[in-house]
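See below for the structure under consideration.
We did not get these values from a lab; they are worked out from the coordinates using the rules stated. Given the structure is predicted, the values throughout are model-derived calculations rather than measurements. All Cβ positions, glycine included, derive from the backbone under ideal geometry; neighbour counts span all protein chains shown.
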Amino acid sequence: MGNMVRALVAFIPADRCQNYVVGDLQEMPRDKMVDLSGNQMRRFPGHVCSFRELVKLYLSDNHLTNLPPELGQLQKLQILALDFNNFKTLPQVVCTLQHLCILYLGNNKLCDLPWELSQLQNLQTLWLEANCLTQLPEVVCELRLLRTLHVGSNALCVLPGQLQRLQELRTIWLSSNLLTDFPPVLLHMPFLEVIDVDRNRIRYFPSLAHLSSLKLVIYDHNPCRNAPKVAKGVRRVGRWAEETPEPDPRKARRYALTMDDIPEPPAAAPAPSPPPANS
């Protein structure tokens, strides 16, 4: 029944649809959250912009292509969900919401992000999966408090070296892209805890044993010839994950101290005892 109603709403003129969708939403909700997800909206209901204390706004699974400038009045927003819409460019007004901590932009038609996104210096979680990205927008590397980055299901071939500036980053999801090599920049990010490169085209994995904070690496569905070596206790998901022995713990400690792959000199063998003197 719900699907039938949504289908009918899609054919109602924009103004009438807007009134139907928001219903009796005329006052600021007590929980400071508005969820208008899955309502087939083509226009954002403007009067929501009068809810100045709003903290969470969910607009997922609609037909939105733009947002009104008045959205900038919601300066206390911390969570904004715009996923599963029809955005080809990110509305500039989103970049003015400087208290945003979580921004969902997945399943749109984005090819890039505006540089103004760098104003969101409180952003900690950014979801960009299933867009049209052929490279990671440089502005992402300016979001210094970012902890979770999801850019799966795009068309990324490489990652920029500037990504290592994100020293708060703990989780990066890169599944279903076009990576043919394990991104070298990730080898210089020892603070990462989760790396997902599932469903790419990576043929060889370097050692990840020196990534001292790593807890989980997902590398399944790659045409790889080896499993990535990891430090003891790190979980691997992929081919040979169980069969490949863990690296020698001495090497893991050495990698944690230096990025140079210089072999440790072997311990000197004890000198042989002199033969007993002839009596």
Gain in span if fully extended, ALA241 to ASN226, counting 0.36 nm per residue against the direct Cα distance: 4.5 nm
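Could you give the size of the charge dipole of the stretch 86-213 about its Cα centre, using +1 on the Cβ of each K and R and -1 on the Cβ of each D and E, expressed in debye and rounded to the nearest 20?
On the way: 9 positive and 10 negative charges, 29 e Å.
Roughly 140 debye for the stretch 86-213.
Go through 70-76, 30-36 and give me the packing order, highest mean Cβ count within 10 Å leading. Could the numbers behind the result be given before it?
Working: 70-76: 16.9, 30-36: 14.1.
The densest-packed peptide leads the list: 70-76, 30-36.
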Cβ-based net charge around ARG225, under 12 Å, with every Lys or Arg adding one and every Asp or Glu removing one: +2
Sparse-neighbour loop sites [trypsin sites (Lys or Arg not before Pro); the stretch 104-197; at most 14 other C-beta within 10 Å; DSSP]: LYS109, ARG144
Anchor LYS56: lysines whose Cα lies under 27 Å away (excluding residues fewer than 8 positions away in-chain): LYS32, LYS76, LYS88, LYS109
Candidate lysines - alpha carbon under 16 Å from LYS215, same-chain residues fewer than 8 apart omitted: LYS229, LYS232
